[in-house]
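**Q** Right, I'll just put the structure down here and ask away after.
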Amino acid sequence: MPVEVQELGRAVRQAHHRQHRALDGRLAAAGTTPAQWDALRAISRAPGASARALAAETFQSEQAFGTLAGRLAAQGLIDRRPGRHRSVEHHLTPAGEKLLGTGRQIVDEALAELFAPLPEDDRATLLALLLRLSP
């Protein structure tokens, strides 16, 4: 029986929405948002990366990431330093590292609850299928 592609798309969007809702409230209690935490995680993975690279990693436009990075810098969570040519390098501060660690625990707990209905084999299959859709 063929799968209705709109139904499939809606199910993926619904799962994403549930994930965002689960993370939003919990991360707010720690003083951050899912977008801010994701930016900290991306900077942690690639210290010194440019706004362009970090925007791509966090699924944002360069302008949106620049605005977000400005807020993170104002909060003392990241440093922005001159890089090669006209680029700006991004680095976590100790406060950013601490918030990232707190956020990791929150995100791990929230996602464990979200995916709890799926046995480990189903989680692995879901991950493999979603990765096949990535470029």
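**Q** Summing +1 for each Lys or Arg and -1 for each Asp or Glu, what net charge is found among the other residues whose Cβ lies under 12 Å from the Cβ of ALA30?
**A** Net charge around ALA30: +1.
**Q** Helix 5-29 sits at what angle to the longest principal axis of the chain, using alpha carbons and giving 0 to 90 degrees rounded to 10?
**A** Approximately 50 degrees, to the nearest ten.
**Q** Pairing the Cα long axis of helix 34-45 with the longest principal axis of the chain, what angle in degrees results, from 0 to 90 and rounded to the nearest 10?
**A** Value to nearest ten degrees: 70.
**Q** A further question on this structure: I'm spelling it out carefully: the read-out is Rg/Rh (Cα atoms, Kirkwood Rh), the candidates are (i) 1.03; (ii) 1.09; (iii) 1.63, and one was derived from this structure. Which label?
**A** Label (i) holds the value from this structure.
**Q** Using Cα springs under 10 Å in a Gaussian network model of the chain, which residue among ALA124, ALA110, ALA46 shows the largest mean-square fluctuation?
**A** ALA124
**Q** What is the gain in length, in nm to one decimal, between GLN19 and MET1 on full extension, counting 0.36 nm per residue of separation less the C-alpha to C-alpha distance?
**A** 3.6 nm
**Q** Continuing with this model, one more query. Starting from 0.36 nm per residue, how many nanometres of slack lie between ALA53 and LEU8 once their C-alpha separation is accounted for?
**A** 13.2 nm
**Q** Could you order the peptides 50-57, 126-133, 27-34 from most to least packed, using the average number of other C-beta atoms within 10 Å per residue?
**A** 50-57, 27-34, 126-133
**Q** Between LEU111, LEU100, LEU23, where does the largest GNM mean-square fluctuation fall for the chain, given springs only between Cα atoms within less than 10 Å?
**A** Its mean-square fluctuation being the largest, the pick is LEU111.
**Q** Could you size up the charge dipole of the range 5-124 around its Cα centre, putting +1 on the beta carbon of Lys and Arg and -1 on that of Asp and Glu, and report it in debye to the nearest 20?
**A** It works out to roughly 540 debye.
**Q** What does the net charge come to around HIS91 if you take all other residues with beta carbon closer than 11 Å to its beta carbon, with K and R at +1 and D and E at -1?
**A** Counting the neighbours of HIS91, the net charge comes to -1.
**Q** Identify which of VAL88, VAL12, VAL107 has the largest mean-square fluctuation in a Gaussian network model of the chain, with springs joining Cα atoms closer than 10 Å.
**A** Highest fluctuation among the options: VAL12.
**Q** Choose one of LEU126, LEU40, GLN105: the residue whose Cα lies farthest towards the positive end of the charge dipole of the chain (beta-carbon charges +1 Lys, Arg; -1 Asp, Glu; about the Cα centre).
**A** LEU40
**Q** What do you get for the angle between helix 62-74 and the principal long axis of the chain? Use alpha-carbon atoms, 0 to 90 degrees, nearest ten.
**A** Compared with the principal axis, the helix lies near 60 degrees.
**Q** So, R0 is 41 Å and r is the distance between the beta-carbons of ALA64 and ALA116; what FRET efficiency does that work out to, to 0.05?
**A** Taking R0 as 41 Å, the efficiency between ALA64 and ALA116 is 0.80.
Computed from the coordinates by the stated procedures, all read-outs in this text should not be read as laboratory data. Just so we're clear, the structure is a prediction, and the values are computed from it rather than from any experiment. Glycine also receives a Cβ, built like all others from the backbone with ideal geometry; neighbour counts cover every protein chain displayed.
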